[in-house]
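Since the structure comes first, as structure tokens, the remarks are kept for the end.
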Amino acid sequence: MAPPSASWGWGYHYALKGVIGDVVAGVYLLRDPDFSVGDRIVTGEGFGEVVDVDLRKTRIRTEDGDLLVVSNSSVDKKWTRKE
């Protein structure tokens, strides 16, 4: 059995892996000239207008008025801009 400190280390690694992935994807999306606030996009989670992009998540307003909050790593994997 691993000592508790080793288990905590793996726990922190697992938790930070998602956060770091979202931040890296957020930096990419913020610097991507093809992706900006006001764009109408389709992601795996839905369709709508990008209303905000920060380091960890993107907010998308759907046609129904709902606000989708999606992790940047999910958006970065697959998104399509609609004209």
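Read the figures in this text as sums done on the coordinates, not as results from a lab. Just so you know, these numbers come straight off a predicted model, no measurement behind them. Quick reminder, even Gly has a Cβ in these numbers, built from the backbone with ideal geometry, and neighbours come from all protein chains shown.
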Inset, instruction - Report yes if residue 23 is within 19 Å of residue 80 (Cα to Cα) and either assigned to a strand (DSSP E or B) or among the β-branched types (Val, Ile, Thr) (or both), otherwise no. - result: no
Legend entry - Test for residue 80: is it among the polar types (S, T, N, Q) and touching a Phe, Trp or Tyr at 6+ places or on another chain (Cβ under 8 Å): no
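Condition check ((1) surrounded by fewer than 16 Cβ atoms within 10 Å (Cβ to Cβ); (2) not in a strand (DSSP E or B)) across all residues:
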site: 34; (1), (2): yes, yes
site: 41; (1), (2): no, no
site: 51; (1), (2): yes, no
site: 59; (1), (2): no, no
site: 63; (1), (2): yes, yes
site: 70; (1), (2): no, no
site: 74; (1), (2): no, yes
site: 81; (1), (2): yes, no
Legend entry - Count - residues of the stretch 26-60 that are closer than 14 Å to residue 81 by Cα and either without any contact (Cβ under 8 Å) to a residue 12 or more places away in the chain or among the aromatic types (Phe, Trp, Tyr) (or both): 4
